[in-house]
Amino acid sequence: QAIDRATENLKLVGISYSASPRDAYAMIEDVASKITYFIKANQAIMGVKIAEIQRDKVVLTFQGAQKELR
């Protein structure tokens, strides 16, 4: 699937969770480039949107498909 190809180098390395979802952010590493992104919900990394940040996972969307990073 396209979402698997788009996210193959993305690794969840941490979550800063807050009672207010808009204050939560995820730390996601692009293992190919060794860049770690500090990103909030509704932002995107290389076209992959961060749909939701929960206490133990991040939900990504790409071209209508969803995938979880844990």
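Which chymotrypsin sites (Phe, Trp or Tyr not before Pro) from the chain combine a DSSP loop assignment with at most 16 other Cβ atoms within 10 Å?
TYR17
Count the net charge of all other residues whose Cβ sits under 14 Å from the Cβ of GLN54, scoring Lys and Arg as +1 and Asp and Glu as -1.
On the way: positive: ARG22, LYS40, ARG55, LYS57, LYS67, ARG70; negative: ASP23, GLU52, ASP56, GLU68.
Net charge around GLN54: +2.
Send over the Kirkwood Rh of the chain, from the inverse of the averaged 1/r over different Cα pairs, rounded to one decimal Å.
Evaluated on the chain, it is 11.9 Å.
In whole Hz, what ³J(HN,Hα) sequence does region 17-30 give by Karplus (6.51, -1.76, 1.60; θ = phi - 60°), x for Gly and Pro?
Taking θ as phi minus 60°, the curve returns 9, 9, 4, 9, x, 6, 8, 7, 9, 10, 9, 10, 9, 8 Hz for region 17-30.
Pop out the ³J(HN,Hα) list for region 36-48 in order, Karplus 6.51 cos²θ - 1.76 cosθ + 1.60 with θ = phi - 60°, rounded to Hz; leave Gly and Pro as x.
For region 36-48, the Karplus-derived couplings read 9, 9, 9, 9, 9, 4, 6, 9, 9, 10, 6, x, 9 Hz, x marking Gly and Pro.
List every residue whose amide H lies under 5 Å from the amide H of ALA24, counting only residues 5 or more places away in sequence or on a different chain, with H placed 1.01 Å from N in the peptide plane.
Long-range HN contacts for ALA24: SER18.
Read the figures in this text as sums done on the coordinates, not as results from a lab. What you are looking at is a predicted structure, and each value in this text was computed from that prediction instead of being measured. FYI the Cβ positions are ideal-geometry reconstructions off the backbone, even for glycines, and counts take in every protein chain you see.
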